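Report on the following structure.
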Amino acid sequence: MRPAFSAALAKAVKTHLLSGAEIVTLLQAGGREAEALFRAADEVRARHLGDTVHLRAIIEFSNHCVRNCLYCGLRRNNRRLPRYQMAPEEIFVAAARARAEGYRTIVLQSGEDPRYQAAELAGLVRRLKTELNVTVTLSLGDLPRASYRELRAAGAGRYLLKHETADPVLFARLRPETRLPGRLERLTWLRELGYQVGAGNIVGLPGQTLRALAADVLLLKRFAVDMAGIGPFISHPDTPLAGCASGSLELTLKVLAVTRLLLPRTHLPATTAVGVLHPEGRARALRCGANVIMSDLTPTPYRRYYEIYPGRTRSVVEGRGSFAWWQEELAHLGRKVGKGPGRP
Ligand code: 5AD
Ligand code: SF4
């Protein structure tokens, strides 16, 4: 092991603070270094959060999007994707089904779809709170501050707004018409409004450096996010990034592990995308610091059309309840399922 690697790892475990250069040193880990990094992240997770894994039900209620992100299959210029919009009543029924299975947190996610007015979504959130008594997480992209406020007042407790990449040049190139500072300002609004805030980034984007990934981790640290979604880039054939190499599982796990070292108590999902890269991806992520699973409960007629990247729906658990399936799966990994909402 490189002496600089050992020093950075020891410092991270002890202080949960690293410089960008030290993070890069950790991200360069190979072979035995990578094993040591993963083990350290697993230990930090166990010490600070125990063996509990929180299960979340995610309902992707609309795949319409006014944005044109170069990496994403939902981008407005992708005319090959059949589009759908679930009615609020349908969303409620899907959420009720998730609640009956055992889920206590419902994540409502969509593309940026102006068809859904804040007032309408606020009504749905209120119903979910009063009739199902669930924690509601929203992931609806960039909205005006007033909409975030209205949804918060309706009872939404958490908001996921991935910063995607902390490299401002890459951000502007990959997310036309949007800029990194605007995204970060929204994260600040969400925090001010009293949400538990989730951010996160994509690993292995074309043109992304280790330095940029270090900046991602430092951004998550600076914002002291309550949650961070960290997943690999997966190339989609119907986007301008068709033919670009996808991100690697190893690098994604290293970014996840370093994030765990710097943010010992933040919720880190074993993302769907790591599971798409490799059948063991999610299990490995759970041993590299992850402590959350987001399970897809979008009704089947729609599920296959939420194609952010290819191969997504193949990894989905079908048949008898996914909650019971995950409970069993997690027991094999020596982990238990969280009963409460997980940090209410
Ligand atoms: N590969 C991996 N993740 C992607 N996302 C969008 N497109 C891709 C892709 N090709 C992620 C983004 C976004 C979320 C909805 O999906 O991080 O926040
Ligand atoms: Fe829309 Fe989000 Fe996809 Fe960008 S990443 S095109 S905002 S769904």
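The values are calculated or read from the model by the stated rules, or taken from the named source; none is laboratory data. Here the structure is a predicted model, which is why all the values come from computation and not from measurement. FYI the Cβ positions are ideal-geometry reconstructions off the backbone, even for glycines, and counts take in every protein chain you see.
Structure data summary
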item: The lone exception for Leu143 - which of (1) buried (at least 17 other Cβ atoms within 10 Å of the Cβ); (2) away from ligand 2 (no atom under 16 Å from the Cβ) it fails; result: (2)
item: Exclusive hit being hydrophobic (A, V, I, L, M, F, W, C), modelled with pLDDT of 95 or more, crowded, with 23+ Cβ neighbours inside 10 Å and within 19 Å of Thr165 (Cβ to Cβ), set Leu256, Leu261; result: Leu256
item: Number of positions in region 288-311 that are outside any loop (DSSP other than H, G, I, E, B), under 20 Å from Ser62 (Cβ atoms) and under 15 Å from the mean Cα position of the chain (by Cα); result: 3
item: In region 36-56, residue surrounded by the fewest Cβ atoms within 10 Å (Cβ to Cβ) [restricted to those that are more than 16 Å from ligand 1 (Cβ to nearest atom), not in a helix (DSSP H, G or I) and not hydroxyl-bearing (Ser, Thr, Tyr)]; result: Gly50
item: Test result for Val107, outside any strand (DSSP E or B), within 22 Å of the chain's Cα centre (by Cα) and among the β-branched types (Val, Ile, Thr); result: no
item: Scope region 233-253; condition within 14 Å of ligand 2 (Cβ to nearest atom), among the aliphatic types (A, V, I, L, M) and either under 25 Å from Ala29 (Cα atoms) or modelled with pLDDT under 95 (or both); matching residues; result: Ile234
item: Evaluation of Ala156 against (1) in a loop (DSSP other than H, G, I, E, B); (2) within 16 Å of ligand 1 (Cβ to nearest atom); (3) touching a strand residue (DSSP E or B) at 6+ places or on another chain (Cβ under 6 Å) (one fails), failing number; result: (2)
item: Residue that is over 24 Å from Thr271 (Cα atoms), more than 14 Å from ligand 2 (Cβ to nearest atom), loosely packed, with under 15 Cβ neighbours inside 10 Å and at pLDDT 95 or above, where the choices are Ala118, Ala153; result: Ala153
